[in-house]
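Coordinate-derived values only; no laboratory data. Please read these numbers as outputs of a predicted model, since none were measured by experiment. Note that each Cβ is placed from the backbone with ideal geometry, even for glycine, and that neighbours are counted across all protein chains shown.
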């Protein structure tokens, strides 16, 4: 599978400030940052279908997606019902 999409990511980083007049480090801050990865993606998926009756099934799927040119990685699990 492949196509055009953007994956947004949120994570925490610790920032340590430096004082311009000396080599000492100043206070630290914990910040939340956001990053937009890729404009395009490629991936692979695998799934299972569990029959529940003659025309019904439970469907489970796991997708692994890599984005580029800005690198990123995503895992997309899903569960559904088919009839």
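Before moving on, here are some points about what is shown:
- Nitroxide proxy distance, nm - points 7 Å out along Cα→Cβ at residue 54 and residue 33: 5.9
- Stokes-Einstein, applied to the Kirkwood radius of the range 2-82 over Cα pairs at a viscosity of 1.567 mPa s and 4 °C, places its translational diffusion at 80 µm² s⁻¹.
- Base-10 log of normalised Debye intensity for the range 20-63 (one unit scatterer per alpha-carbon) at q = 0.16, 0.27, 0.34 Å⁻¹: -0.76, -1.01, -1.14
- Mean separation of Cα pairs under 8 Å and 6 or more residues apart, divided by the residue count, gives the range 2-82 a relative contact order of 27 percent.
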